[in-house]
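The values are calculated or read from the model by the stated rules, or taken from the named source; none is laboratory data. Fair warning: this is a prediction, and the values are worked out from it, not measured in the lab. Don't worry about glycine lacking a Cβ; one is built from the backbone with ideal geometry, like all the others, and counts go over all protein chains shown.
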Ligand code: ADP
Ligand code: GN1
Ligand code: MG
C-alpha cells in the first residue's frame, strides 16, 4: 500500500485515499480501485493501473495513443461518461514512471457503470456490440496514420502462427507433449490464417482505426439502463480490421461458458449471441460497412478465436510468459475452450453466413 501511495500522490486526484485494492479480471495490466473522500465527505473513485511493459514495450506510445484518441472522442460525445478520462500528474503528464521503470496511470472511474465479465443474455451482448460498433464509427475520421502500432502485428494471424511454430520448436517449458491434439488442430487449419490479409490485399477489407481487444469486460454499460456506455482498455488501438474487432468479441461473448472453463461440455458457440452481436455491431457502425466487409464477419469470428487459441497454446509451451495465469495448466485450458468454439463455428458455418447475408444491401 505504501508503494501505491507514493504513486497515487503524483496524480491530481480529489480527496484522501481510503481504499486501494486489486480490481478486475484483465490478463495484462495490474489494475487497482482507488476510493477517496474529500473535505466535504464526498467519495471519488479512480482506476489505477501499471502498464505491463513486458507486453507493451513502449508504454509512452501507448499513452500518446490513448491521449489523442480520448481527446478526439471528447469532441464527439454528449455525456463525458462515454469516454475514458485520464487524470494528469502534478507535472501535467498522463503517466508516472517510477524508479523501477514501471509506468502508472489513473483514470476517472466511469461512474454509474457496470462491467460484465460475461454478457448474461443476448440484450447485454447486443449493447456491447452497439458500443464497439459506435466506437469504430466515431473514429472513422480519426487520422489513423498518427497512431503508434503499440504491439506490432497484433492481429496478423499468419505471423502469430509462425510465432506459435517457433515456440513449438523451442519448447522452452518442455510441455509440448501435453498438448499434441491441440497442436495438430492448429496446424490443420494453417491455410485459413491468411484469409483476412488476402481480402485486404484484394481491396475487400480496408484498414480502419480499431480497438483490437473487444472482450465484454472492455466495455462499460450504464448501471441503471444496462445500455452501452463506454469502451475502455484502449492500449491496443491501432489500424486494424472491423471484422477482427467483431470477431474478438464473438470468441469471448458467444461462448456459453467462461474463457477458462475446464469442463468442455459447457463450452458451446451460441448462434443466438452471434445474431445479437451482428445486429448491434452493424447498428453501432451506422450502416456504414460495405457488403464485402459484412460477409467477412464470420471469418473475423473464426480467425480471432483460433488466433487466441494459438496464442494461449504458444504461451503454455513457452512457459506462461505473456498472459497472467492462476495455475500451471491455465493457458492450456484457455486454449481448449477456443478450439472447441472453432470446431462448433465450423459446424454451423453456413448458418453464420446466412445470418450476416441478411444485412447486405446488394
Ligand atoms: P487489462 O488490460 O488488464 O484488461 P483493463 O483496462 O481492461 O485492463 O482494466 C481491467 C478492468 O478494470 C476492466 O475489465 C474493468 O472492470 C475495470 N476498469 C478499467 N478501467 C475502468 C474505468 N475507467 N472505470 C471503471 N472500471 C474500469
Ligand atoms: C488480453 O488485456 P485483456 O485481458 O483485455 C489480450 C487480448 C486477448 C485476451 C484474451 C494486449 O486482453 O489480446 O484476446 O487477453 N491483450 C493483449 O482474454 O495481449
Ligand atoms: Mg481489459
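Odds and ends about this structure:
Okay, residues lined up against (1) surrounded by 14 or more Cβ atoms within 10 Å (Cβ to Cβ); (2) closer than 12 Å to residue 316 by Cα:
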position: 173; (1), (2): yes, yes
position: 177; (1), (2): no, yes
position: 180; (1), (2): no, no
position: 184; (1), (2): no, no
position: 188; (1), (2): no, no
position: 195; (1), (2): yes, no
position: 199; (1), (2): yes, no
position: 202; (1), (2): no, no
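- In the set 45, 61, 76, only one residue is in contact with a helix residue (DSSP H, G or I) (Cβ under 9 Å, 6 or more places away or on another chain) and at negative phi; that residue is 76.
- The residues of the stretch 1-33 that are more than 30 Å from residue 331 (Cβ to Cβ) and touching a helix residue (DSSP H, G or I) at 6+ places or on another chain (Cβ under 8 Å) amount to a single one, 17.
- Single residue of 163, 213 found to be within 16 Å of ligand 2 (Cβ to nearest atom), surrounded by fewer than 21 Cβ atoms within 10 Å (Cβ to Cβ) and either at pLDDT 95 or above or farther than 28 Å from residue 117 by Cβ (or both): 163
- Residues that are more than 14 Å from ligand 3 (Cβ to nearest atom) and buried (at least 18 other Cβ atoms within 10 Å of the Cβ) within the stretch 20-31 comprise just one, 20.
- Any hit, the stretch 260-273, residues being within 16 Å of ligand 3 (Cβ to nearest atom), over 24 Å from residue 166 (Cβ atoms) and within 20 Å of the chain's Cα centre (by Cα): yes
- Candidates 13, 83, 8, 35: the one that is modelled with pLDDT of 95 or more, under 30 Å from residue 239 (Cα atoms) and touching a strand residue (DSSP E or B) at 6+ places or on another chain (Cβ under 7 Å) is 83.
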